[in-house]
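Some notes on the structure that comes next.
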């Protein structure tokens with residue numbers, strides 16, 4: 001593994017996030033398939049990952065990549081502060097016009113419909129007790145590419161919180177954006193992966209909490225609903241034996257597709273694995289911990305399960321690309337990916353901004 005993240009790693013991160021999305025989605029067939037073992041069986045019938053050419057019409061990207069691109073292209077302008085937030089909000093509004101056959105979630109649709117970019121405070125939406133979904137988490141990895149350095153964590157958290165709560169104003173939702181952004185920044189920094197969850201709970205979440213209080217918007221509601229995200233992450237780190245940030249990771253004796261479906265459900269808020277802001281990054285993290293540098297293993301864990309498989313894969317594959325580049329990824333998986341050019345251009349622009 002290279003010591004530091006190069007331009008090629010940035011490009012692999014953005015490109016593979018789209019690949020993971022398209023594979024996990026399989027044009028709605030796999031995102032809504034509730035059986036990991038069945039998905040793995042269908043995958044074998046297709047000849048395995050090596051045999052899959054991820055291209056239109058059969059393998060479009062979903063809403064995840066369209067909105068991740070909206071975030072990334074907003075960040076790539078180099079704007080900051082409220083100017084950046086209006087820019088990203090405008091791109092979310094634009095992105096929502098590109099949702100034919102891509103299945104955006106209800107909170108994303110509702111949130112974007114309330115955005116008024118360019119107007120005073122127009123990047124904010126009302127607090128929503130239902131805004132717990134993974135829509136903010138799945139589009140925020142690129143924030144870690146824009147603010148990758150340890151001394152940029154305040155900016156990373158601020159942008160993740162404010163762009164996250166444009167659609168998911170509930171902490172279970174927008175802290176998912178913080179997690180995705182943080183994990184990509186940690187991948188750039190080459191931080192040991194067993195420390196990532198601890199950094200989320202001990203570093204990023206307290207910063208997010210202070211930030212919210214300082215902004216004075218929906219403080220009371222946010223405070224009331226704050227606990228679940230951090231408690232569930234603490235539970236997960238205890239389960240895996242990494243609550244102190246060091247391994248070895250504790251795995252169940254058997255952890256195949258069927259066992260993972262059950263485990264992932266136990267991570268979830270309501271039984272739909274990866275559907276929420278806390279567990280989409282959690283399943284992605286679980287997959288990264290278990291897969292090492294093996295692309296097929298990563299996709300098997302992060303992309304082919306009975307839950308919200310595209311949203312967990314989009315996060316995992318972005319981090320994996322930063323760590324491993326395109327090493328061992330079959331060319332057919334990415335060479336004709338929808339929006340490949342936009343994803344790679346964003347990666348170049350974000351890399352240039354940070355170097």
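Consider region 330-343 and keep the residues that are touching a helix residue (DSSP H, G or I) at 6+ places or on another chain (Cβ under 9 Å) and surrounded by fewer than 17 Cβ atoms within 10 Å (Cβ to Cβ). The one that is farthest from residue 313 (Cα to Cα) is 342.
Against the condition touching a strand residue (DSSP E or B) at 6+ places or on another chain (Cβ under 7 Å) and touching a residue at least 24 places away in the same chain (Cβ under 8 Å), how does residue 105 come out, does it pass? Yes: the conditions hold for residue 105. Within region 247-288, being touching a strand residue (DSSP E or B) at 6+ places or on another chain (Cβ under 8 Å) and not in a strand (DSSP E or B) holds for 268, 269, 270, 275, 277.
Would you check if there is a residue in region 65-78 being over 19 Å from the mean Cα position of the chain (by Cα) and in contact (Cβ under 8 Å) with a residue 12 or more places away in the chain?
Going residue by residue through region 65-78, those that are over 19 Å from the mean Cα position of the chain (by Cα) are 77-78.
Filter again for in contact (Cβ under 8 Å) with a residue 12 or more places away in the chain, leaving 78.
Within region 65-78, one or more residues are over 19 Å from the mean Cα position of the chain (by Cα) and in contact (Cβ under 8 Å) with a residue 12 or more places away in the chain.
Being in contact with a helix residue (DSSP H, G or I) (Cβ under 6 Å, 6 or more places away or on another chain), modelled with pLDDT of 95 or more, farther than 18 Å from residue 294 by Cβ and surrounded by fewer than 17 Cβ atoms within 10 Å (Cβ to Cβ): is that true of residue 75 here? So that I can check it myself, show each step before the final result.
Working: in contact with a helix residue (DSSP H, G or I) (Cβ under 6 Å, 6 or more places away or on another chain): yes; modelled with pLDDT of 95 or more: yes; farther than 18 Å from residue 294 by Cβ: yes; surrounded by fewer than 17 Cβ atoms within 10 Å (Cβ to Cβ): no.
When the stated conditions are applied, residue 75 does not pass them.
Evaluate region 115-132: report whether one residue or more is crowded, with 24+ Cβ neighbours inside 10 Å and either within 20 Å of residue 322 (Cβ to Cβ) or in contact with a helix residue (DSSP H, G or I) (Cβ under 8 Å, 6 or more places away or on another chain) (or both).
Within region 115-132, the subset crowded, with 24+ Cβ neighbours inside 10 Å is 131-132.
Then drop every residue that is not either within 20 Å of residue 322 (Cβ to Cβ) or in contact with a helix residue (DSSP H, G or I) (Cβ under 8 Å, 6 or more places away or on another chain) (or both), which leaves 131-132.
Yes, some residue in region 115-132 is crowded, with 24+ Cβ neighbours inside 10 Å and either within 20 Å of residue 322 (Cβ to Cβ) or in contact with a helix residue (DSSP H, G or I) (Cβ under 8 Å, 6 or more places away or on another chain) (or both).
The set of residues in region 44-72 being touching a helix residue (DSSP H, G or I) at 6+ places or on another chain (Cβ under 8 Å), loosely packed, with under 14 Cβ neighbours inside 10 Å and not in a helix (DSSP H, G or I) consists of 48 alone.
In summary, residue 327 fulfils each of the numbered conditions (1) without any contact (Cβ under 8 Å) to a residue 40 or more places away in the chain; (2) within 21 Å of residue 236 (Cα to Cα) with the single exception of condition (2).
The residues in region 21-53 that are touching a residue at least 40 places away in the same chain (Cβ under 8 Å) and either under 18 Å from residue 134 (Cβ atoms) or under 20 Å from the mean Cα position of the chain (by Cα) (or both) can be counted, and the count is 12.
The values are calculated or read from the model by the stated rules, or taken from the named source; none is laboratory data. These figures come from a predicted structure and were not determined experimentally. Cβ: placed from backbone, ideal geometry, glycine included. Neighbour counts: every protein chain shown.
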